[in-house]
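The values are calculated or read from the model by the stated rules, or taken from the named source; none is laboratory data. Given the structure is predicted, the values throughout are model-derived calculations rather than measurements. No Cβ is skipped: glycine too gets one built from the backbone with ideal geometry, and neighbour counts run over all protein chains shown.
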């Protein structure tokens, strides 16, 4: 029910952040969206917990990469 799909993107020292970061964001946003109806319907507290954890992961990565994310994209996120 709450299984998050694994992040299957092989990373290397020379991996391009322009590809890896958007892929991570898409995976996280997709997972958050899959939890939204459970949060809205108040089916189980775990929906809300997983939703918040996912948003924290996104926010943490944004904070870590603040210097690398262009201003326009920062406003979108």
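A few remarks follow.
- Residues satisfying the stated conditions in the range 26-68, i.e. part of a loop (DSSP other than H, G, I, E, B), free of Cβ contacts under 8 Å to residues at least 12 places away in the same chain and over 17 Å from residue 3 (Cβ atoms): 41, 42, 66, 67
- Residue pairs whose Cβ atoms lie under 6 Å apart, separated by 6 or more positions or on different chains, with the first residue in the range 1-25 and at negative phi and surrounded by 11 or more Cβ atoms within 10 Å (Cβ to Cβ) and the second modelled with pLDDT of 80 or more and assigned to a helix (DSSP H, G or I), are 2/46; 2/50; 4/31; 7/27; 9/23.
- The number of residues in the range 28-46 that are within 15 Å of the chain's Cα centre (by Cα) and crowded, with 17+ Cβ neighbours inside 10 Å comes to 4.
- Members of the range 54-68 that are under 14 Å from residue 34 (Cβ atoms) and loosely packed, with under 15 Cβ neighbours inside 10 Å: 55
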